[in-house]
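Single-structure report; data block below.
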Amino acid sequence: MIGLDLDDLAVDGAITKAPGGEVAGRSPGDRGKQGTTRSVAGDGEGVPLHLVAARANDHDSPLLEPTLAGIPDMIGPLPDDPCVHLDRGHDSATTRALLERPGYRGEIARRGLPAPIQAGKRWPVERTHSWMNGYGKLRRRTAKRKLIVEFYLHLAALTVIRRLINRARTLYRWPTRPTTRRLR
């Protein structure tokens, strides 16, 4: 698709607070309080391509398969041999086998090596998580049903896309670019 950097994909998860419901579980990082984790697959610029919600006590590795499986359903076929950038929580033989099945190249951070040097092309999805945390309904989730939680996730993804469009408007020029701040 025009405007998407599909040669480099990044997948990461984030945990937020949740009082309970279908996609809430004990948070490992917040003294066992209830929480929800979301797994986001983004393109090279951070545009969210697919989102998956799960309980906070679910590890990121099992969420990788449904997160990657939803990308072709949402945007169509990917280019040949896309590279998927993952953090060290995915450093396992199971993850490498999962990436080889659909033909993805995996660039996974290694355990035991300093993270800032290897951060590479994972930072756009980290930034996407940060922007999504700015969306109040995700930071303080009160919905109990999975359908409602996923609705708010996708609504937040639209706000992230809008933010990226507004950023691109100041960086890139084209002849038919609108002169006003409002999109036409």
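The values are calculated or read from the model by the stated rules, or taken from the named source; none is laboratory data. Only a predicted model underlies this, so the values are computations on that prediction, with no experimental measurement involved. Cβ coordinates were reconstructed from backbone atoms using ideal geometry, including for glycine residues, and neighbour counts include every protein chain displayed. Note: accessible area is taken over every heavy atom of the protein model, side chains too, but ligands, DNA and RNA are not part of it. Shrake-Rupley method; radii C 1.70, N 1.55, O 1.52, S 1.80 Å.
Tabulated results
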| quantity | calculated |
| --- | --- |
| Extreme residue, modelled with the highest pLDDT, among residues of segment 71-95 that are surrounded by 16 or more Cβ atoms within 10 Å (Cβ to Cβ) and assigned to a helix (DSSP H, G or I) | T95 |
| Top-ranked residue in segment 104-126 [being over 11 Å from A10 (Cα atoms) and surrounded by 15 or more Cβ atoms within 10 Å (Cβ to Cβ); ranked as modelled with the lowest pLDDT] | Q118 |
| Residue check, E45 farther than 23 Å from L147 by Cα, modelled with pLDDT of 90 or more and open to solvent by 10 Å² or more (accessible area, probe 1.4 Å) | no |
| Test result for L63, over 19 Å from V149 (Cα atoms), at pLDDT below 90 and either in contact with a helix residue (DSSP H, G or I) (Cβ under 7 Å, 6 or more places away or on another chain) or in a helix (DSSP H, G or I) (or both) | no |
